[in-house]
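The next block holds one structure in the form of structure tokens; read it before the comments.
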Amino acid sequence: MANLNINIGKLQLKNPVMTASGTFGYGSEYSDFLDLSRIGGIIVKGTTIRARQGNPYPRMAETPAGMLNAVGLQNKGVDYFISHIYPTVKDIDTNIIVNVSGSTIEEYVETAEKLNALDNIPAIELNISCPNVKEGGMAFGTSCLSAAQVVKAVRRAYEKEMIVKLSPNVTDISEIALAVEGEGADSVSLINTLLGMAIDAEKRKPVLSTITGGLSGPAVKPIALRMVWQVARAVKIPVIGLGGIMNAADAIEFLLAGATAIQIGTANFIDPTVTIKVIDGINEYLDRHNFQSVTDIIGALDI
Amino acid sequence: MLDLILKENKILSDQYSLLILTSNEKLPDILPGQFAEVRVDGSPTTFLRRPISVHYVDYELNELWLLIQIKGDGTKQLANMAVGESINLLIPLGNSFSEPTDKDARVLLVGGGCGVAPLLYLGAHLKKSGHEVNFLLGARSKTDLIELCEYERIGNVFATTEDGSYGERGFVTQHSLLNDSTFNFIYTCGPTPMMKAVARYALKTNANCEVSLENTMACGIGACLCCVTDTTEGHVCVCTEGPVFNITKLKWQI
């Protein structure tokens, strides 16, 4: 049994496998299927300062080897999270991380401040990359200046581990990563979904109510892997890789490309126990290749 | 998560297959209206699970029946599975139809197309509780009215076809039964325009009405928030708060 422990800045994880925001609810949705405490970290649903209804139905379109979603950050707001969700998740023996989103810098800051006060939330993931909201979200993550501004402002208000989730819908993701690193991001996670579109030709209508949506699933994996590799070479802070990871082999590819940890998203919808299989699979791989620790394979791509 | 074995695949037409699944272990308790998220292996263009309503459960034979309508590659793959193959399901999911507390309540079950599927198991439950069950089933043509004998074993069957090849010609809401009788509880599942027409009739006649929605889903367990419908309480997941909704809760323009 190899050592699976890793650190992401100040954050200690029992293994490098986390769940991606918006695909794992608040964890409890999956507790019938697996032991949540086995997962390295659970990143809960995108949380905003006020409750949001999200976008109208239809919000999902299946595509070959992927899916488009346009949920639009439906959530009950940070105060509801603190009063109703936090008490139910705070004692789960894993890292519970809250994904934070907003329409303005002030909203990000205010939400982060409230979460800073919660003892058992060791980190936030700053979502500057949601493609499904009209204001804020991805708009912050697609220019170096606005990405830097929001990270700088939240950094002043938030003391614990700040992960910044990056958008792939940019020309050069490394530039954005460097910009947020420069303003105090402790780590970056990438990629959020790729902006896409689906059309129902028979009806001559878009499938999604928002016309465009975010593509996830195996279809995006090669792009995600490339971006993780590029960013890991550009920045000094840890990189968390995600995008189309379906099994342990996929996860290992991201680690080899330079990710310190990985997140599993869409795959949870097909196999609710996939996280456990990936953890076991990474362990099996390390044993088979005689590695003592998972840290031995981070960025160990042989070029 | 449950792995079941395909015991029989009844190909009912070029569009419909009835999968009869079984297990060496006792099937879980499943209520009428609940559904399964069925994993599909080997489909060329789909990879998500398919939400399929429970057509019938025979606890004596330990059988779960799923009625599959071929819509795309995923359902095509399911409909063509071979006997003896294993199918992975998340089941039971969602809420269930409610039963009238009044044993004398007159019940009507209205189904259209593949929406007839959950009504068979519901009918069996209502019959067991002592209700006289009335099915009103609609389809384009006689060949789309599948397995009528199964419904006839449980209750009275009334039918409409759009081409008049079986039962009365027209839509379910045009059936003479609705002029001749009144009902206290109406359950419906099928295409949305049909369910809305049924809901209109129910409101007009002061009947309690529950509909089963078939929104596009990813996870089936309330995590992805893709399948929402708008209700008096805002957007809620059809997979966990539904699929069955009382029409008074839905924000439908009826």
Dipole magnitude (debye, nearest 20) for the protein assembly as shown, charges at Cβ of Lys, Arg, Asp, Glu: 1100
Proximal charge balance of B:PRO51 [Cβ under 13 Å; K/R count +1, D/E count -1]: +1
Farthest positive-ward along the stretch B:107-212 dipole, Cα basis, beta-carbon charges - from B:ALA159, B:GLY130, B:VAL198: B:VAL198
Rounded to 10°, Cα long-axis angle of helix B:192-204 versus longest principal axis of chain B: 30
Spatial separation of Cα centroids for the stretch B:7-83 and the stretch A:70-145, in angstrom: 39
Neighbourhood charge, 14 Å Cβ-Cβ cut-off, centred on A:GLY9 and excluding it, Lys, Arg +1 and Asp, Glu -1: -1
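Give, rounded to the nearest 20 debye, the magnitude of the charge dipole that chain B has about its Cα centre when Lys and Arg contribute +1 at Cβ and Asp and Glu contribute -1 at Cβ. Mind dumping the intermediate values first?
Details: 21 positive and 29 negative charges, 101 e Å.
In debye, rounded to 20, chain B gives about 480.
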Cα→Cβ-extended label distance, 7 Å offset, between B:ARG140 and A:THR273, nm: 4.1
Under 20 Å from B:LYS204, Cα to Cα: aspartates and glutamates that are on another chain or at least 8 residues apart: B:ASP180
Efficiency of FRET between A:GLN12 and B:LYS128 - r from beta-carbon atoms, R0 51 angstrom, step 0.05: 0.35
Long-range HN-HN contacts of A:THR266 with modeled amide H, under 5 Å: A:GLY217, A:GLY244
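Rounded to the nearest 500, what is the protein assembly as shown's calculated 222 nm mean residue ellipticity when only DSSP H runs of at least 4 contribute -39500 (n - 2.57) each, over all residues? Kindly include the intermediate steps, with their values, before the conclusion.
Numbers: 14 runs with 128 residues, N = 557.
Here the helix-only value at 222 nm equals -6500 deg cm²/dmol.
How would you classify the stretch B:14-166 from its alpha-carbon gyration tensor, with a ≥ b ≥ c the square roots of the eigenvalues: rounded for a/c under 1.5, else prolate if a/b is greater than b/c, otherwise oblate? Provide the component values of the computation, followed by the final result.
Working: a/c = 2.08, a/b = 1.28, b/c = 1.63.
Verdict is oblate for the stretch B:14-166.
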Sequence-separation-based contact order of the stretch B:2-93, relative, with Cα cut under 8 Å and 6+ spacing, percent: 40
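Around B:LEU203, what is the net charge, scoring Lys/Arg as +1 and Asp/Glu as -1 over all other residues with Cβ under 15 Å from its Cβ?
Numbers: positive: B:LYS196, B:ARG200, B:LYS204, B:LYS249, B:LYS251; negative: B:GLU210.
In short, +4.
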Extended-chain gain in nm, criterion 0.36 nm per residue less alpha-carbon gap, B:THR248 and B:THR232: 4.9 nm
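Given R₀ = 51 Å, what would the calculated FRET efficiency be for A:ASP172 paired with A:ARG288, taking r from the Cβ atoms and rounding to 0.05? Display every interim value, and only then the final one.
Numbers: r = 37 Å, r/R0 = 0.72.
With a Förster radius of 51 Å, E is 0.90.
Can you compute the FRET efficiency between A:ASP119 and A:ASP302 using 1/(1 + (r/R0)^6), with r the Cβ-Cβ distance and R0 = 35 Å? Round to the nearest 0.05.
About 0.25, to the nearest 0.05.
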In order through the stretch B:211-217: 3J(HN,Hα) via Karplus (6.51 cos²θ - 1.76 cosθ + 1.60), integer Hz, x for Gly, Pro: 10, 10, 8, 10, 5, 4, 10
Amide H within-cut-off set for A:VAL133, under 5 Å, with H built and near neighbours excluded: A:MET138
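Which shape class, rounded, prolate or oblate, goes with chain A when its Cα gyration tensor gives a ≥ b ≥ c as root eigenvalues, a/c under 1.5 marks rounded, and past that a/b bigger than b/c marks prolate?
On the way: a/c = 1.30, a/b = 1.16, b/c = 1.12.
Rounded, since a/c falls under 1.5.
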For the protein assembly as shown, with +1 on Lys and Arg beta carbons and -1 on Asp and Glu, the positive-most of B:VAL110, B:TYR59, B:SER23 along the dipole: B:VAL110
B:PHE158 long-range amide H proximity, modeled H, under 5 Å: B:PHE135, B:LEU136, B:LEU137
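We did not get these values from a lab; they are worked out from the coordinates using the rules stated. This structure is a prediction, so every number in the text was calculated from the model and none was measured. Virtual Cβ from ideal backbone geometry, glycine too; neighbours counted across all protein chains shown.
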